[in-house]
Amino acid sequence: MATITLTVSQEKLEKMYLHYSKHIVKIPNHTLFQAKTANCTITAYLSKKVVFQGKSPEVEAKQWGSSAQSTPKTTISHSQLPEQIATMSAVGCDEVGTGDYFGPLVVCCAYVPQDQIKKLQDMGVKDSKALKDSEILHLAKQIEPYIKHQVLILPNQKYNEMIDRGMNANSIKAFLHNQALLKLTASLNPYPEYLIMDEFVNERKYFEYLTQLPKQSPIIKDHLYFIQKGESVHIAVAAASILARASFVKYMSIMSKKLNFELPKGAGDPVDVAGRRLIQQLNTQQFKDLTKWHFANTKKIIK
(Lines give C-alpha, C1' and ligand atoms only; values in the text may rest on other atoms or scores of the structure.)
Protein backbone atom coordinates (compact mmCIF):
# COMPACT_ATOMS: atom_id res chain seq x y z
CA MET A 1 0.00 0.00 0.00
CA ALA A 2 1.59 3.28 -1.16
CA THR A 3 1.51 6.48 0.90
CA ILE A 4 2.02 10.12 -0.11
CA THR A 5 2.07 12.97 2.41
CA LEU A 6 1.56 16.64 1.53
CA THR A 7 1.70 19.79 3.63
CA VAL A 8 -0.77 22.32 2.22
CA SER A 9 -1.98 25.83 2.95
CA GLN A 10 -5.15 26.43 4.98
CA GLU A 11 -6.86 27.71 1.83
CA LYS A 12 -6.00 24.54 -0.09
CA LEU A 13 -7.07 22.41 2.87
CA GLU A 14 -10.50 23.99 2.74
CA LYS A 15 -10.70 23.47 -1.03
CA MET A 16 -9.92 19.81 -0.44
CA TYR A 17 -12.70 19.61 2.16
CA LEU A 18 -15.20 20.92 -0.39
CA HIS A 19 -13.78 18.73 -3.18
CA TYR A 20 -14.03 15.52 -1.12
CA SER A 21 -17.18 16.39 0.87
CA LYS A 22 -19.23 13.73 -0.90
CA HIS A 23 -16.59 11.09 -0.14
CA ILE A 24 -16.11 11.78 3.58
CA VAL A 25 -16.45 8.58 5.60
CA LYS A 26 -15.59 9.87 9.07
CA ILE A 27 -13.84 12.66 10.99
CA PRO A 28 -11.30 11.19 13.43
CA ASN A 29 -9.85 13.31 16.25
CA HIS A 30 -7.45 16.06 15.13
CA THR A 31 -8.56 15.78 11.49
CA LEU A 32 -10.69 17.93 9.22
CA PHE A 33 -11.95 14.85 7.40
CA GLN A 34 -11.17 11.37 6.14
CA ALA A 35 -12.46 10.56 2.66
CA LYS A 36 -12.32 7.46 0.48
CA THR A 37 -12.20 7.43 -3.31
CA ALA A 38 -11.62 4.67 -5.83
CA ASN A 39 -7.90 5.53 -5.76
CA CYS A 40 -7.11 5.85 -2.06
CA THR A 41 -8.06 7.08 1.41
CA ILE A 42 -7.36 10.77 2.10
CA THR A 43 -6.85 11.91 5.70
CA ALA A 44 -6.60 15.68 6.18
CA TYR A 45 -5.23 16.78 9.55
CA LEU A 46 -5.89 20.12 11.24
CA SER A 47 -2.11 20.60 11.21
CA LYS A 48 -2.45 20.95 7.39
CA LYS A 49 -0.78 17.60 6.73
CA VAL A 50 -2.70 15.44 4.24
CA VAL A 51 -2.00 11.72 3.86
CA PHE A 52 -3.02 9.80 0.70
CA GLN A 53 -2.88 6.04 1.21
CA GLY A 54 -4.03 3.20 -1.02
CA LYS A 55 -3.46 1.57 -4.37
CA SER A 56 -3.08 4.79 -6.42
CA PRO A 57 -2.48 7.73 -4.05
CA GLU A 58 -0.55 9.66 -6.71
CA VAL A 59 -3.75 10.10 -8.74
CA GLU A 60 -5.32 12.17 -5.96
CA ALA A 61 -2.16 13.77 -4.60
CA LYS A 62 -1.02 15.25 -7.92
CA GLN A 63 -4.12 17.48 -7.92
CA TRP A 64 -2.85 19.25 -4.82
CA GLY A 65 0.93 19.49 -5.17
CA SER A 66 4.12 17.50 -4.60
CA SER A 67 5.13 15.66 -1.45
CA ALA A 68 8.08 18.00 -1.06
CA GLN A 69 6.03 21.17 -0.93
CA SER A 70 5.43 23.06 2.26
CA THR A 71 3.93 26.43 3.13
CA PRO A 72 4.78 28.90 5.84
CA LYS A 73 2.65 28.65 8.95
CA THR A 74 0.25 31.54 9.52
CA THR A 75 -0.52 30.60 13.10
CA ILE A 76 0.51 33.16 15.68
CA SER A 77 3.47 31.61 17.45
CA HIS A 78 3.69 31.18 21.18
CA SER A 79 6.58 33.65 21.15
CA GLN A 80 4.11 36.43 20.30
CA LEU A 81 2.40 35.79 23.62
CA PRO A 82 4.18 36.62 26.87
CA GLU A 83 6.35 33.82 28.22
CA GLN A 84 4.25 33.86 31.38
CA ILE A 85 0.90 33.73 29.55
CA ALA A 86 -0.08 30.51 31.37
CA THR A 87 -0.14 32.47 34.64
CA MET A 88 -2.09 35.46 33.31
CA SER A 89 -5.80 36.19 32.97
CA ALA A 90 -7.18 35.15 29.57
CA VAL A 91 -10.23 34.09 27.59
CA GLY A 92 -10.08 30.66 25.94
CA CYS A 93 -12.26 29.53 23.02
CA ASP A 94 -12.98 26.02 21.78
CA GLU A 95 -15.75 24.01 20.13
CA VAL A 96 -17.05 20.43 19.90
CA GLY A 97 -19.45 18.56 17.66
CA THR A 98 -17.87 19.38 14.30
CA GLY A 99 -17.43 15.69 13.45
CA ASP A 100 -20.68 14.40 15.00
CA TYR A 101 -23.49 13.40 12.66
CA PHE A 102 -26.24 13.55 15.28
CA GLY A 103 -24.69 15.92 17.80
CA PRO A 104 -25.01 19.73 17.71
CA LEU A 105 -22.15 22.14 17.15
CA VAL A 106 -21.22 23.71 20.50
CA VAL A 107 -18.91 26.68 21.02
CA CYS A 108 -17.64 27.98 24.35
CA CYS A 109 -15.56 31.00 25.34
CA ALA A 110 -14.42 31.04 28.98
CA TYR A 111 -12.62 33.73 30.98
CA VAL A 112 -10.16 32.49 33.60
CA PRO A 113 -8.80 35.27 35.80
CA GLN A 114 -5.32 34.95 37.20
CA ASP A 115 -6.54 34.19 40.71
CA GLN A 116 -8.56 31.15 39.55
CA ILE A 117 -5.85 29.39 37.53
CA LYS A 118 -4.45 27.42 40.46
CA LYS A 119 -7.95 26.35 41.56
CA LEU A 120 -8.75 24.98 38.09
CA GLN A 121 -5.40 23.20 37.91
CA ASP A 122 -6.09 21.54 41.27
CA MET A 123 -9.49 20.41 39.96
CA GLY A 124 -7.75 18.57 37.13
CA VAL A 125 -8.85 20.81 34.26
CA LYS A 126 -7.22 19.76 30.96
CA ASP A 127 -8.18 19.24 27.33
CA SER A 128 -11.60 17.55 27.14
CA LYS A 129 -10.31 15.02 24.57
CA ALA A 130 -8.19 13.51 27.35
CA LEU A 131 -11.22 13.01 29.63
CA LYS A 132 -14.18 10.63 29.75
CA ASP A 133 -17.64 12.14 29.45
CA SER A 134 -18.41 11.33 33.08
CA GLU A 135 -15.26 13.21 34.15
CA ILE A 136 -16.19 16.13 31.92
CA LEU A 137 -19.68 16.45 33.43
CA HIS A 138 -18.20 16.35 36.95
CA LEU A 139 -15.54 18.95 36.15
CA ALA A 140 -17.96 21.25 34.32
CA LYS A 141 -20.22 21.35 37.37
CA GLN A 142 -17.22 22.38 39.50
CA ILE A 143 -15.90 24.96 37.02
CA GLU A 144 -19.12 26.84 36.22
CA PRO A 145 -19.44 28.82 39.51
CA TYR A 146 -15.87 30.15 39.32
CA ILE A 147 -15.48 31.52 35.80
CA LYS A 148 -17.54 33.60 33.41
CA HIS A 149 -18.27 31.82 30.19
CA GLN A 150 -20.58 31.80 27.18
CA VAL A 151 -21.83 28.61 25.56
CA LEU A 152 -23.68 28.59 22.23
CA ILE A 153 -25.42 25.42 21.02
CA LEU A 154 -26.36 25.17 17.34
CA PRO A 155 -28.92 22.38 16.72
CA ASN A 156 -28.52 20.51 13.47
CA GLN A 157 -31.72 21.94 12.02
CA LYS A 158 -30.14 25.43 12.17
CA TYR A 159 -26.77 24.02 11.08
CA ASN A 160 -28.34 22.57 7.92
CA GLU A 161 -30.07 25.88 7.15
CA MET A 162 -26.71 27.67 7.33
CA ILE A 163 -25.08 25.05 5.09
CA ASP A 164 -27.94 25.48 2.60
CA ARG A 165 -27.24 29.23 2.57
CA GLY A 166 -23.71 28.53 1.33
CA MET A 167 -21.77 28.47 4.61
CA ASN A 168 -19.39 25.66 5.55
CA ALA A 169 -18.42 24.15 8.90
CA ASN A 170 -15.57 26.59 9.45
CA SER A 171 -17.54 29.72 8.57
CA ILE A 172 -20.30 28.55 10.94
CA LYS A 173 -17.75 28.06 13.71
CA ALA A 174 -16.27 31.51 13.05
CA PHE A 175 -19.72 33.06 13.33
CA LEU A 176 -20.51 31.24 16.59
CA HIS A 177 -17.15 32.06 18.16
CA ASN A 178 -17.57 35.73 17.34
CA GLN A 179 -21.07 35.75 18.83
CA ALA A 180 -19.85 34.01 21.99
CA LEU A 181 -16.97 36.48 22.34
CA LEU A 182 -19.32 39.44 21.88
CA LYS A 183 -21.58 38.18 24.66
CA LEU A 184 -18.75 37.24 27.02
CA THR A 185 -16.57 40.33 26.64
CA ALA A 186 -19.62 42.56 27.14
CA SER A 187 -19.74 41.23 30.71
CA LEU A 188 -16.02 41.73 31.40
CA ASN A 189 -14.54 44.94 32.72
CA PRO A 190 -11.84 45.68 31.83
CA TYR A 191 -11.70 44.09 28.39
CA PRO A 192 -9.29 41.10 28.60
CA GLU A 193 -5.79 41.47 27.20
CA TYR A 194 -5.66 37.95 25.76
CA LEU A 195 -8.33 36.06 23.83
CA ILE A 196 -6.93 32.68 22.80
CA MET A 197 -8.71 30.83 20.00
CA ASP A 198 -7.94 27.12 19.63
CA GLU A 199 -7.19 27.43 15.93
CA PHE A 200 -9.55 25.64 13.54
CA VAL A 201 -8.76 28.01 10.66
CA ASN A 202 -6.07 30.65 10.18
CA GLU A 203 -6.57 34.27 11.20
CA ARG A 204 -6.96 35.64 7.68
CA LYS A 205 -9.62 33.12 6.72
CA TYR A 206 -11.45 33.51 10.05
CA PHE A 207 -12.00 37.23 9.52
CA GLU A 208 -12.75 36.69 5.83
CA TYR A 209 -15.60 34.39 6.81
CA LEU A 210 -16.98 36.97 9.23
CA THR A 211 -16.88 39.85 6.76
CA GLN A 212 -18.71 37.75 4.16
CA LEU A 213 -21.73 37.14 6.39
CA PRO A 214 -24.89 38.82 5.04
CA LYS A 215 -25.97 40.15 8.45
CA GLN A 216 -22.97 42.04 9.75
CA SER A 217 -22.38 41.87 13.51
CA PRO A 218 -19.56 43.66 15.32
CA ILE A 219 -16.40 41.60 14.90
CA ILE A 220 -14.14 40.94 17.87
CA LYS A 221 -10.54 41.55 16.78
CA ASP A 222 -8.73 43.20 19.66
CA HIS A 223 -6.23 40.97 21.49
CA LEU A 224 -7.42 37.84 19.63
CA TYR A 225 -4.73 35.17 19.14
CA PHE A 226 -5.04 32.02 17.02
CA ILE A 227 -3.08 29.15 18.56
CA GLN A 228 -2.88 25.46 17.64
CA LYS A 229 -3.37 23.20 20.65
CA GLY A 230 -4.45 26.20 22.67
CA GLU A 231 -5.21 24.06 25.72
CA SER A 232 -1.46 23.57 26.14
CA VAL A 233 -0.95 27.34 26.19
CA HIS A 234 -3.60 28.43 28.69
CA ILE A 235 -6.01 26.64 30.99
CA ALA A 236 -8.84 28.89 29.78
CA VAL A 237 -8.92 26.97 26.47
CA ALA A 238 -9.05 23.65 28.35
CA ALA A 239 -11.89 25.01 30.52
CA ALA A 240 -13.77 26.11 27.41
CA SER A 241 -13.34 22.67 25.85
CA ILE A 242 -14.73 21.00 28.99
CA LEU A 243 -17.74 23.32 29.24
CA ALA A 244 -18.47 22.90 25.54
CA ARG A 245 -18.21 19.11 25.75
CA ALA A 246 -20.41 18.98 28.85
CA SER A 247 -23.13 20.97 27.05
CA PHE A 248 -22.79 18.64 24.06
CA VAL A 249 -23.13 15.50 26.21
CA LYS A 250 -26.17 16.90 28.05
CA TYR A 251 -27.83 17.85 24.76
CA MET A 252 -27.26 14.37 23.31
CA SER A 253 -28.72 12.80 26.46
CA ILE A 254 -31.83 14.99 26.33
CA MET A 255 -32.41 14.25 22.64
CA SER A 256 -31.92 10.51 23.19
CA LYS A 257 -34.54 10.52 25.98
CA LYS A 258 -36.91 12.61 23.89
CA LEU A 259 -36.66 10.16 20.99
CA ASN A 260 -36.48 7.10 23.24
CA PHE A 261 -33.49 6.19 21.07
CA GLU A 262 -29.79 6.27 21.99
CA LEU A 263 -28.08 8.66 19.59
CA PRO A 264 -24.43 7.61 19.07
CA LYS A 265 -21.63 10.16 18.95
CA GLY A 266 -19.18 10.62 16.09
CA ALA A 267 -19.71 9.68 12.46
CA GLY A 268 -18.47 6.09 12.23
CA ASP A 269 -20.15 2.77 11.48
CA PRO A 270 -22.28 2.72 14.70
CA VAL A 271 -23.85 5.98 13.51
CA ASP A 272 -24.81 4.42 10.18
CA VAL A 273 -26.34 1.40 11.93
CA ALA A 274 -28.32 3.61 14.32
CA GLY A 275 -29.35 5.91 11.48
CA ARG A 276 -30.85 3.05 9.48
CA ARG A 277 -32.94 2.06 12.50
CA LEU A 278 -33.98 5.59 13.39
CA ILE A 279 -35.02 6.67 9.90
CA GLN A 280 -37.63 3.91 9.90
CA GLN A 281 -39.33 5.63 12.86
CA LEU A 282 -39.29 9.17 11.44
CA ASN A 283 -40.11 10.94 8.20
CA THR A 284 -37.22 12.29 6.12
CA GLN A 285 -37.53 15.88 7.35
CA GLN A 286 -37.61 14.84 11.01
CA PHE A 287 -34.52 12.70 10.47
CA LYS A 288 -32.73 15.47 8.56
CA ASP A 289 -33.32 17.92 11.42
CA LEU A 290 -31.44 15.56 13.76
CA THR A 291 -28.35 15.26 11.56
CA LYS A 292 -25.60 17.16 9.79
CA TRP A 293 -27.25 16.30 6.51
CA HIS A 294 -24.26 16.96 4.20
CA PHE A 295 -22.16 14.25 5.91
CA ALA A 296 -21.42 11.13 3.87
CA ASN A 297 -23.40 9.14 6.45
CA THR A 298 -26.65 10.40 4.92
CA LYS A 299 -26.11 8.65 1.58
CA LYS A 300 -25.11 5.41 3.29
CA ILE A 301 -28.15 5.50 5.57
CA ILE A 302 -30.67 6.47 2.85
CA LYS A 303 -29.23 3.86 0.49
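The values are calculated or read from the model by the stated rules, or taken from the named source; none is laboratory data. Keep in mind that what you see is a predicted model, and the values were worked out from it rather than measured. Note that we place each Cβ from the backbone using ideal geometry, even for glycine, and neighbour counts take in every protein chain shown.
Of (1) charged (D, E, K, R); (2) closer than 27 Å to SER21 by Cβ; (3) surrounded by 13 or more Cβ atoms within 10 Å (Cβ to Cβ); (4) touching a residue at least 12 places away in the same chain (Cβ under 8 Å), GLU208 satisfies all except one. Which?
Going through the list (1) charged (D, E, K, R); (2) closer than 27 Å to SER21 by Cβ; (3) surrounded by 13 or more Cβ atoms within 10 Å (Cβ to Cβ); (4) touching a residue at least 12 places away in the same chain (Cβ under 8 Å), GLU208 breaks only (4).
Select, from SER232, SER187, the only residue that is in contact with a strand residue (DSSP E or B) (Cβ under 8 Å, 6 or more places away or on another chain), among the hydroxyl-bearing types (Ser, Thr, Tyr) and not assigned by TED's automatic domain parsing to the domain that holds ALA44.
Going through SER232, SER187 in turn, the sole match is SER187.
Could you go through the range 155-169 and let me know if any residue there is surrounded by fewer than 17 Cβ atoms within 10 Å (Cβ to Cβ), touching a Cys at 6+ places or on another chain (Cβ under 9 Å), modelled with pLDDT of 90 or more and outside the structural domain of LEU18 (by TED's automatic domain parsing).
no
In the range 105-128, which residues are surrounded by 22 or more Cβ atoms within 10 Å (Cβ to Cβ) and of a type outside the set (S, T, N, Q)? So that I can check it myself, show each step before the final result.
Of all residues in the range 105-128, those surrounded by 22 or more Cβ atoms within 10 Å (Cβ to Cβ) come to 105-112, 120, 125, 128.
Across the range 105-128, the qualifying residues are LEU105, VAL106, VAL107, CYS108, CYS109, ALA110, TYR111, VAL112, LEU120, VAL125.
Counting only residues that are in a loop (DSSP other than H, G, I, E, B) and under 20 Å from the mean Cα position of the chain (by Cα), which one in the range 29-54 is farthest from VAL201 (Cα to Cα)?
ASN29
Only one of these conditions is not met by THR3: (1) surrounded by 14 or more Cβ atoms within 10 Å (Cβ to Cβ); (2) assigned to a strand (DSSP E or B); (3) modelled with pLDDT under 85. Which number is it?
It fails just one condition, (1).
Quick grid of which residues meet (1) touching a Pro at 6+ places or on another chain (Cβ under 8 Å); (2) of a type in the set (A, V, I, L, M); (3) crowded, with 17+ Cβ neighbours inside 10 Å; (4) closer than 30 Å to GLN142 by Cα:
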{"position": "ALA236", "(1), (2), (3), (4)": "no, yes, yes, yes"}
{"position": "ILE242", "(1), (2), (3), (4)": "no, yes, yes, yes"}
{"position": "SER247", "(1), (2), (3), (4)": "no, no, yes, yes"}
{"position": "ILE254", "(1), (2), (3), (4)": "no, yes, no, yes"}
{"position": "LEU259", "(1), (2), (3), (4)": "no, yes, no, yes"}
{"position": "VAL271", "(1), (2), (3), (4)": "yes, yes, yes, no"}
{"position": "LYS288", "(1), (2), (3), (4)": "no, no, no, no"}
{"position": "THR291", "(1), (2), (3), (4)": "no, no, yes, no"}
{"position": "PHE295", "(1), (2), (3), (4)": "no, no, yes, no"}
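Please enumerate the residues belonging to the range 211-231 that are within 18 Å of SER89 (Cβ to Cβ) and either without any contact (Cβ under 8 Å) to a residue 60 or more places away in the chain or among the aliphatic types (A, V, I, L, M) (or both).
Within the range 211-231, ILE220, ASP222, HIS223, LEU224, ILE227 qualify.
Would you be able to say whether some residue in the range 296-303 is assigned to a helix (DSSP H, G or I), farther than 24 Å from MET167 by Cα and in contact (Cβ under 8 Å) with a residue 60 or more places away in the chain?
No, every residue in the range 296-303 fails to be assigned to a helix (DSSP H, G or I), farther than 24 Å from MET167 by Cα and in contact (Cβ under 8 Å) with a residue 60 or more places away in the chain.
From ILE196, ILE153, grab the single residue that is more than 24 Å from ILE85 (Cβ to Cβ) and either of a type in the set (A, V, I, L, M) or more than 18 Å from the chain's Cα centre (by Cα) (or both).
Result of the check over ILE196, ILE153: ILE153.
Among the listed residues LEU195, LEU213, LEU139, LEU181, which satisfies the condition of being over 21 Å from SER9 (Cα atoms) and surrounded by fewer than 21 Cβ atoms within 10 Å (Cβ to Cβ)?
After ruling out the rest, the residue left standing is LEU213.
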